[in-house]
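Structure first, commentary second.
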Amino acid sequence: MRITDARVIVSCPGRNFVTLKIVTDDGVTGVGDATLNGRELAVAAYLTEHVIPVLIGRDPARIEDTWQYLYKGAYWRRGPVTMTAIAAVDTALWDIKGKVAGLPVYQLLGGRSRDGVTVYGHANAETVDDVLTEVSHYVDLGYRAVRVQTGVPGLASTYGVAHDRMFYEPADAALPTENAWSTEAYLDHVPSVFARVRAEFGPGLKLLHDVHHRLTPIEAARLGKSLEPYSLTWMEDPVPAELQEGFRLIRQHTTTPVAVGEVFSTIWDCQQLITEQLIDYIRTTVVHAGGITHLRRIFDLAALYHVRSGSHGATDLSPVCMAAALHVDVSIPNFGLQEYMRHTAETDAVFPHTYRFADGYLHPSEEPGLGVDIDEEAAARYPYAPAQLPINRLLDGTMHSW
Ligand code: GCO
Ligand code: MG
């Protein structure tokens, strides 16, 4: 069996997605998500110009060898563009392997370790009163875990608060929009949000919060400590994670669990965080961390150190990524949680899939392969529309993490 063709499909059914489709001489095809929010065309060009030419004629069954070929063969290692491109190829090859074997991909990964994949939804609103309504909406839908984000009094706009509550899309303009930030206002406000939510919904519901890289370690330590009475499942991305040893300071001060990793592209980005047990959940995902092959390697390392998975699943990760993530989630021993933001009806139509939500769980497809495809005719109706992520500035105008 040989790869005879591969194409990159860029489509914008409400937001931009980049998808790789690999075709074989047996007529079997596979798909991989290659979406890197705000930098989509960089990955599309990387695939088209540098990867697809070397794929033609290769044996699609050699997944590990192809991964190593693209990683070591590029000479320039790591980085989100390279790793997203490798992820797309890897995911598509697992899809093909599953179809050839006649098995859903999770069976090739060792079979089920659980009945369903617990997911968390996003309750967000400008005010605390409104966010309580949003949390109850998710509880009514059957969710067992909810991430809670609100506006911050005194700040005009902030990460995590959507105009359309259910379908949060932060890449909201062709050029970056600007948010203003005050750490003091944020730290004063957040504990009062969780005090209200916990009082209203009681002890059973898993609650999460995304700090989105905006604090320093000692500020994150203070936040974690102030949230301890409300038993969060995790505090996400409390600080930018380039300096992995910075997490030691957070750990010395708080028992609020820490989740990190949506912007990581390889195992080397989290090696110290995992082996020093500085985090509780590793949030790397299929599309940005080198595909199913590399994500499994990260999760296996994590399992040795009591770290569980918590993969990123925002709307900028396509249904192809979600389908693949669920095969990993259901099979690994150290699964923690899976983020699940619903896609719009237009996106679901472009990416027909058979994973399903029921009772707070997502269930992977039982079809051979990943159980997801791209409808190329539908995709062609939604041309690429430039969109970038916002930026964040302190009140005095200094650039800050968004
Ligand atoms: C999350 C993320 C997203 C990112 C987005 C960037 O936890 O879901 O932080 O909201 O901001 O994926 O493209
Ligand atoms: Mg996040």
What residues of segment 39-71 lie in the reach of a label at MET1, counting those whose backbone N is under 12 Å from a point 7 Å from the Cα along Cα→Cβ? 59-63
Given the options VAL286, VAL54, VAL211, state which has the largest fluctuation in a GNM of the chain using a 10 Å cut-off (strictly under) for Cα springs. VAL54
Rounded to the nearest Å, the spacing of the alpha-carbon centers of segment 351-402 and segment 269-308 is 21
Inter-probe distance in nm under a simple model that places probes 7 Å from Cα toward Cβ, at SER192 and ARG39: 3.8
State the volume of the convex hull built on the alpha-carbon positions of the chain, expressed per residue in Å³ and rounded to an integer. 128
Under a Cβ-only charge scheme (Lys and Arg +1, Asp and Glu -1), can you give me the dipole magnitude of the chain about the Cα centre, in debye to the nearest 20? 900
The summed charge of the ALA380 Cβ neighbourhood (under 15 Å; Lys/Arg +1, Asp/Glu -1) stands at -2
For segment 352-402, report the % of Cα-Cα distances exceeding 14 Å. 73
What helix-only [θ] at 222 nm does the chain give? Using -39500 (n - 2.57) per DSSP H run of at least 4, over all residues, to the nearest 500, the answer is -10500 deg cm²/dmol
Residue-span extension gain [ARG356 to ALA74] - 0.36 nm each, minus C-alpha spacing: 97.8 nm
What base-10 log of the normalised intensity I(q)/I(0) is obtained for segment 146-250 from the Debye formula, alpha carbons as equal point scatterers, at q = 0.16 Å⁻¹? -0.78
If one takes the longest principal axis of the Cα atoms in the chain, at what angle in degrees, from 0 to 90 and to the nearest 10, does the Cα axis of helix 291-304 lie? 50
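Read-outs: derived from the displayed coordinates by stated rules, not from any lab. All figures in this text were calculated on a predicted structure; none of them were measured in a lab. No Cβ is skipped: glycine too gets one built from the backbone with ideal geometry, and neighbour counts run over all protein chains shown.
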